[in-house]
Amino acid sequence: MNKFEQLGLNESLLKAILDLGFENPSEVQEKAIPLLLEKDTDMVALAQTGTGKTAAFGFPLIQKIDADNRNTQALVLSPTRELCLQITNELKNYSKYEKGINVVAVYGGASITEQARDIKRGAQIIVATPGRMQDMINRGLVNIKNIDYCILDEADEMLNMGFYEDIVSILSDTPDEKSTWLFSATMPQEVARIAKQFMSDPVEITVGAKNSGSATVSHEFYLVNARDRYEALKRLADANPDIFSVVFCRTKRDTQAVAEKLIEDGYSAAALHGDLSQAQRDGVMKSFRGRQIQMLVATDVAARGIDVDNITHVVNYQLPDEIETYNHRSGRTGRAGKLGTSIVIVTKSELRKISSIERIIKQKFEEKTIPSGIEICEIQLLHLATKIKDTEVDHEIDNYLPAINNVLEGLSKEELIKKMVSVEFNRFIAYYKKNRDISSQSGERRERSDSAEPREFNNNGAVRYFVNIGSRDNFDWMSLKDYLKETLDLGRDDVFKVDVKEGFSFFNTDPEHTEKVMEVLNNVQLEGRRINVEISKNDGGGRRDHNGRSGGGGGRSSAPRREGSFAPRREGSGGGGFRSDRNAAPREGGFRSDRNSSAPKREGGFRSSAPRSEGGSERAPRRSESFGDAPRPRRPRRD
Ligand code: ADP
Ligand code: MG
């Protein structure tokens, strides 16, 4: 049996390969072909030029294409006309004994109508340059909405040539369920970004001289106010439901504190630092390796040499004192050819450290903004939907179905879906409804630019305003509230949800006061400065507090206030012990994917079986209250 046969290739391909004169598969072919044949998966393959990448995707592609179906099933994007023609030619060679497969090349500088006509005749595979492809899509000459495979060949070259936009746009025209195979000689940040954005859990193979580990790590920073550090961390975790990360703090104390807070807020986290005994540390590491912990909060010393596969994110909760240490931190991710992200949560005063680090790592950081509540809710919602879709049904459930059907009788499919998803989603939306955005990106006006967001949370009609006065003008939330009430001649509870930032603030009124607010405030001067008020689309939490109190609550929201005021922890403190539910907060396993699906889920779900930092209870027993675990029944509102 020849080696190509062993890879699982069929007769007609083997015959073609014989004609090509290939005797043995190259390394990338040996690695990629069986994987791609075996299942539908996304793949990132890194191999130097000339290592036979075309056949590595071409052979399995030809084998997987349905020759009897004349619809377009695959799109290969390649950087240049030459390559495009070359690949087309190769694919034709590979498929010459397979009847009915048509490959059409689409590239600039040739008649677009002719290319369109060739496609119309039935081309299962289109090999295209991004520019021309985009052109064809714009003119409606091609339909790639139902393709099964998309291959990005020489991805680094394509991005080098400035095709990022085109590629993103083309990909967004393809169905989500397709498989994406990315082939590239190197893995610069842009390629990693594409992979991250458009691929789901890609199999990754690297061949030959490995690109240095750091080439597979992309670096991002998030600029926040110092007081928002923790909230930022939480949001980043919420925005990455599958996060598996090491979070670095500067001191043992901070390490312990952040871990405790995360646990309390329902995340599966643990601390790792030098004050723990060896046994405790071993316990924590064991849980981390076993994926019972998603966020390992660690000091530099304690985390030295951690060698755990598949860490998705390194989070620099605080930058290290010695910037050289940054390298050691970020090296925890992006190992063995995997992609990883190193995140820095940074305040304005530390910004220049970013440039110093850039010089050391010889890579650029990407400045990102903390996702808004809306974005997080969307991510979580889709994550939940996917989770539901991927959930395997244990037929034990059949016994209960009659009773369950009884309860759910009368609900339409649509209602049922809505309700099912809401079981978990309500918690997130409730939390983020009342929590402002915290990005402070260059100039603190970021929340205003956010106002372009299409939806708002302002569900019970309150109007939220942005006003250009803040703590710099010696206001805190109480004094600003008083000032507004006085200036506007409004009643005690007419101004609420006052949220004071340095150079600006937000507040709410009921709509009936809007005209007055706009009219009066925009004509007032404060110490010679004109006040400017605008309606903010980006509602930081539209509604009034329960029981009519008009909140405001001190400006910061990292610890959602009013804990305790309602929501007595139902729950008893047992089991769920170390997560308090006061944060209405999101989190918890519910949404998070069960990455270690092999492990029988601790019923509670994946969340917070989190061993305490003392390395103690590894599996907190908890009652599972609803599917997906987590959500306890929404707390009743007391008002
Ligand atoms: P790259 O991965 O850089 O794009 P190609 O796929 O273009 O490399 O292949 C480089 C050359 O190697 C081509 O001429 C191709 O025909 C040849 N080649 C590919 N696979 C094999 C093989 N298994 N045995 C011999 N030659 C091969
Ligand atoms: Mg190539």
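The values are calculated or read from the model by the stated rules, or taken from the named source; none is laboratory data. In this text, all values refer to a predicted model and were calculated from it rather than measured experimentally. When we count neighbours, we look across all protein chains shown, and the Cβ atoms used for this are built from the backbone with ideal geometry, even at glycine. Accessible surface areas use protein heavy atoms only, side chains included; no ligands, DNA or RNA. Shrake-Rupley method; radii C 1.70, N 1.55, O 1.52, S 1.80 Å.
Summary of computed values
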| read-out | value |
| --- | --- |
| Computed label-point distance, nm, for sites residue 349 and residue 405 using a 7 Å Cα→Cβ extension | 6.6 |
| Lys, Arg +1 and Asp, Glu -1 on Cβ, resulting dipole of the range 141-279 about Cα centre, debye, nearest 20 | 700 |
| Cα-only Debye scattering, the range 35-169: base-10 log of I(q)/I(0) at q = 0.14, 0.16 Å⁻¹ | -0.59, -0.78 |
| Spin-label zone in the range 1-40 - amide nitrogen under 15 Å from a point set 7 Å from the Cα of residue 93 along the C-beta vector | 13-26 |
| Relative packing of 416-427, 521-532, which averages over residues the other C-beta atoms within 10 Å, highest first | 416-427, 521-532 |
| Evaluated over the range 313-362, the Cα radius of gyration and Dmax, each in Å | 10.9, 35 |
| Size of the range 248-309 as Cα extents on the principal axes (Å, biggest first) | 26, 23, 20 |
| Reachable lysines from residue 64, criterion Cα separation under 16 angstrom, eight or more residues apart if same chain | 39, 92, 96, 99, 178 |
| Residue 348 - accessible surface, heavy atoms, 1.4 Å probe, Å² rounded to 10 | 110 |
| Length released on extending from residue 200 to residue 307, taking residue separation times 0.36 nm less the Cα-Cα span | 36.2 nm |
| Zone residues, the range 98-113, relative to residue 19, backbone N less than 11 Å from point 7 Å out along Cα-to-Cβ | 98-99 |
| Modelled FRET efficiency - R0 51 Å, residue 2 with residue 251, Cβ distances, 0.05 increments | 0.25 |
| Globularity ratio of the range 340-415, using Cα Rg and 2.2 N^0.38 Å | 2.05 |
| Protein accessible area in the range 173-276, 1.4 Å probe - carbon and sulfur % | 46 |
| Relative pair counts by distance (%), Cα atoms of the range 245-284, 5 Å bins | 6, 27, 29, 29, 10, 0 |
| Cβ crowding within 10 Å averaged over residues, with 9-15, 273-279 ranked highest first | 9-15, 273-279 |
| Efficiency of FRET from Cβ geometry, residue 526 and residue 392, R₀ 56 Å, rounded to 0.05 | 0.35 |
| The range 313-442: mean projected area of Cα convex hull, nm² | 12.4 |
| Solvent-accessible heavy-atom area per residue, rounded to whole Å², over the range 1-106 at 1.4 Å | 45 |
| Fraction of alpha-carbon pairs over 21 Å apart in the range 1-102 - percent | 30 |
| Accessible surface of the range 3-68, 1.4 Å probe, proportion on carbon and sulfur as whole % | 44 |
| Rough spin-label spacing in nm, given labels placed 7 Å along Cα→Cβ, for residue 177 and residue 40 | 0.6 |
| Computed E for residue 168/residue 492 - FRET, C-beta separation, R0 51 angstrom, nearest 0.05 | 0.50 |
| Length added when fully stretched, residue 414-residue 510, from 0.36 nm per residue minus Cα-Cα | 31.3 nm |
| Quotient of Cα Rg and 2.2 N^0.38 Å for the range 127-262, N being how many residues it contains | 1.35 |
| Where labels lie 7 Å past Cα in the beta-carbon direction, separation of residue 321 and residue 485 in nm | 4.8 |
| Percent accessible area from carbon and sulfur atoms, the range 369-429, protein chains only, probe 1.4 Å | 59 |
